[in-house]
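Structure first, then comments.
The values are calculated or read from the model by the stated rules, or taken from the named source; none is laboratory data. Everything numeric in this text was worked out from a predicted model, so none of it was measured. Don't worry about glycine lacking a Cβ; one is built from the backbone with ideal geometry, like all the others, and counts go over all protein chains shown. SASA here: full protein model, heavy atoms, side chains in, ligands and nucleic acids out. Shrake-Rupley method; radii C 1.70, N 1.55, O 1.52, S 1.80 Å.
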Amino acid sequence: MRPDLLEVLDSISWTFDTQIVPAVPPGIATSLSFTISNMLRHARLRAEREGESLAEDNQELRALLNRIASYARGDAELKAEEELFADYPAPMGPAGYRGLAQVTEEATVLRWRLQHAIERLQAVRDRCGTQPAYRRLREEIRAYLDHQLEREARWMDDAFTGPRR
Amino acid sequence: MGQITPEFLEAYLAEKWREGVKVEKLERFARGISRETWFIDIRRAGSAVESLILRRDLDGNSIGTATLRFEYEVYHRLQGSGVPVAEVLWWEEDPRWVADGRPFYLRRQVDGRWDVPNYGDRDPAYDNLRVEIGREHVRKLAIIHGCDWRALGFGDLLPAPADESQCAAVAIERAYDDLARFQFSPLPIIAEVREWLLDNAPRASRISLLKGTNGLGEEVFRDGVIVAMSDWEQASIGDPASDFARAQEFFQDVVIDGRRVWGLDEALDYYAEVSGVRIDSSSVQYYRVLTGVENTITLHHGAKPLAEGSSPSVRLSWLATEAIYGGHRRMMDAVTGRMQLTDRPRSASLVELKAS
């Protein structure tokens, strides 16, 4: 179907930058138009790349949360917190096509779980910090967070150029 | 009041001053992000033009976690302190004047400009200008850091560290307590970096009043001199290194004939000269990370209206994406060891991360 979504967004961006921005009077409207130009590029890149990237991210995070759960089951104190460290084995929602909203919702649930897990693991560091398994897990968490930022770079680095406001 | 109009202001000021007031100019500041700022020129009968500034929250929310009242109280306490700030006139929350529920305050506008002509021109002809502006900013930071914050009443307004070893811990607790009040989506990197911040907290050279956001865009200049310092909503009491970590643009490197003549190291040397207090650059590097956390939390707060659909400003969208992303990268560089505290700190830029 042409123009496709990305072509439509490209045309909006091009028209805005070349036809609208130069005609905007100085002041708050010009300042906002700079912000809009940057955000249109950002939106275009997200439309192209975010869905696949988030699905990939969720997969990596789900595996990580399962390893955290596995570690927690071996620790008397953490084991009691079943909700926090329960396995997260399957993607949410029906099989087949999964829209961006659904993948985003899943990412939100998984990332809340990760935040809480990090807080709990930090709280037991004095007791568990010398264990190789604990240290390895913490490194895996940091590696995942790094990967998350690398994925986000796909719609950040090329989007924000020129004056922002 | 919902709309700021000449008629509204004339009625308000006439009641305050008990004489007729004519508004000659009314303009909303274009670049402001955290709150609404209005520039107002007025004239009373037989008097010269007086310039005022009105500040109030954005409709729906303020980006900052500090209240507008806090901002007013900081200005109020700094009157006569030696720190150059505008004179504050009135805090207003009377329902007769704030029908839409948004209090405001008025202060006098200090004659000057927030930008420095030619400062951003990379022509070597302006290298000395950049050095002189940087030195002027250091002098003013030294005045803030040297003021008696207890005598000025800041101890009633802000949490104060018990001693120099507690400065970072107080700032961390304040930031994470703020986040706990309003967090609406997960921030696992913010959770992860907390441990690094506590493990690496430096001892402060002294306990000072801190400006928070500072540097280019935050101060008012006239003839190369800072005549007013504004944007105090991130003021705190703590380690002066934090203000160097937050300084925008003024400590960027200036290289003349292949030799660096200005930069963060030189700014810290000059600060030691004018204040008698030495700040270690590793502390500045540390506070660059903590500042990233504080700004991310502030911007997370600012983004809440987007999630609630109450104030979908593109400015909020931008801040909640690019600025938070930049802060997250800096935090992960710290916790993974890619950034070391012994590395030479990179001076903050205006574009990089600004929460106000």
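Would you check if B:Glu136 is open to solvent by less than 30 Å² (accessible area, probe 1.4 Å) and over 18 Å from B:Glu218 (Cα atoms)?
When the stated conditions are applied, B:Glu136 does not pass them.
Got a sec? Which of B:Ser51, B:Ser34 is in contact with an Asp or Glu (Cβ under 9 Å, 6 or more places away or on another chain) and buried (at least 20 other Cβ atoms within 10 Å of the Cβ)?
Within the list B:Ser51, B:Ser34, the selection yields B:Ser34.
Output the residues belonging to the stretch A:20-49 that are touching a Lys or Arg at 6+ places or on another chain (Cβ under 8 Å) and of a type in the set (D, E, K, R).
Result: A:Arg49, single match.
From the set of residues in the stretch B:144-169 that are open to solvent by less than 30 Å² (accessible area, probe 1.4 Å) and in contact with a strand residue (DSSP E or B) (Cβ under 7 Å, 6 or more places away or on another chain), which is nearest to B:Val284 (Cα to Cα)?
Let us first name the residues in the stretch B:144-169 that are open to solvent by less than 30 Å² (accessible area, probe 1.4 Å), namely B:144-145, B:147, B:149, B:153-154, B:158, B:161, B:167-168.
If we keep only those that are in contact with a strand residue (DSSP E or B) (Cβ under 7 Å, 6 or more places away or on another chain) too, we end up with B:144-145, B:147, B:149, B:154, B:158, B:161, B:167.
Values: B:Ile144: 17, B:His145: 15, B:Cys147: 21, B:Trp149: 22, B:Phe154: 23, B:Leu158: 22, B:Pro161: 18, B:Cys167: 13 Å.
Ranking the qualifying residues of the stretch B:144-169, first place goes to B:Cys167.
Could you tell me which residue of the stretch A:24-57 is farthest from the other protein chains (Cβ to nearest Cβ), considering only residues that are farther than 17 Å from A:Pro163 by Cβ and loosely packed, with under 14 Cβ neighbours inside 10 Å?
A:Glu52
For the stretch A:58-78, enumerate the residues that are open to solvent by 60 Å² or more (accessible area, probe 1.4 Å), free of Cβ contacts under 8 Å to residues at least 40 places away in the same chain and not small (Gly, Ala, Ser).
Hits for the stretch A:58-78 are A:Gln59, A:Arg73.
Residue by residue through the stretch B:170-191, note down the ones that are of a type in the set (Val, Ile, Thr) and within 25 Å of B:Leu210 (Cα to Cα).
Matches in the stretch B:170-191: B:Val170, B:Ile172, B:Ile190.
Any idea how many residues of the stretch B:3-34 are within 18 Å of B:Ala99 (Cα to Cα) and within 14 Å of chain A (Cβ to nearest Cβ)?
1
Would you check which residues across the stretch B:302-339 are at pLDDT 90 or above, assigned to a loop (DSSP other than H, G, I, E, B) and open to solvent by 40 Å² or more (accessible area, probe 1.4 Å) and list them?
B:Thr336, B:Arg338
Failed condition for B:Gln252, given (1) part of a helix (DSSP H, G or I); (2) under 23 Å from the mean Cα position of the chain (by Cα), with all others met?
All conditions pass for B:Gln252, except number (1).
If I filter the stretch A:133-146 down to residues being in contact (Cβ under 8 Å) with a residue 12 or more places away in the chain and at the interface with chain B (Cβ under 10 Å from one of its Cβ atoms), which single residue comes out as surrounded by the most Cβ atoms within 10 Å (Cβ to Cβ)? It would help to see each step written out before you state the result.
From the stretch A:133-146, those in contact (Cβ under 8 Å) with a residue 12 or more places away in the chain are A:133-134, A:137-138, A:140-141, A:144; that's our starting set.
Checking the rest, the ones that are also at the interface with chain B (Cβ under 10 Å from one of its Cβ atoms) come to A:138, A:141, A:144.
Working: A:Arg138: 20, A:Ile141: 23, A:Tyr144: 18.
It comes out as A:Ile141.
Failed condition for A:Thr130, given (1) within 30 Å of A:Asp17 (Cβ to Cβ); (2) more than 9 Å from chain B (Cβ to nearest Cβ); (3) not in a helix (DSSP H, G or I), with all others met?
A:Thr130 satisfies every listed condition except (1).
Is it fair to say B:Val83 is of a type in the set (Val, Ile, Thr), open to solvent by 60 Å² or more (accessible area, probe 1.4 Å) and in contact with a strand residue (DSSP E or B) (Cβ under 8 Å, 6 or more places away or on another chain)?
The answer is no for B:Val83.
Against the condition in a helix (DSSP H, G or I), out of contact with any Leu (no Cβ under 6 Å at 6 or more places or on another chain), modelled with pLDDT under 95 and within 28 Å of B:Gly326 (Cβ to Cβ), how does B:Asp121 come out, does it pass?
It is false that B:Asp121 is in a helix (DSSP H, G or I), out of contact with any Leu (no Cβ under 6 Å at 6 or more places or on another chain), modelled with pLDDT under 95 and within 28 Å of B:Gly326 (Cβ to Cβ).
Testing B:Tyr126 on (1) in a helix (DSSP H, G or I); (2) under 19 Å from B:Val74 (Cβ atoms), one condition comes back false. Which one is that?
Result: B:Tyr126 passes all but (2).
Being within 14 Å of chain A (Cβ to nearest Cβ) and either open to solvent by 50 Å² or more (accessible area, probe 1.4 Å) or modelled with pLDDT under 95 (or both) is the filter here, so list the residues in the stretch B:186-206 that pass it.
Selection gives B:Arg194, B:Leu198, B:Asp199.
In the stretch B:282-330, how many residues are closer than 22 Å to B:Glu173 by Cβ and within 9 Å of chain A (Cβ to nearest Cβ)?
Residues meeting the conditions: 1.
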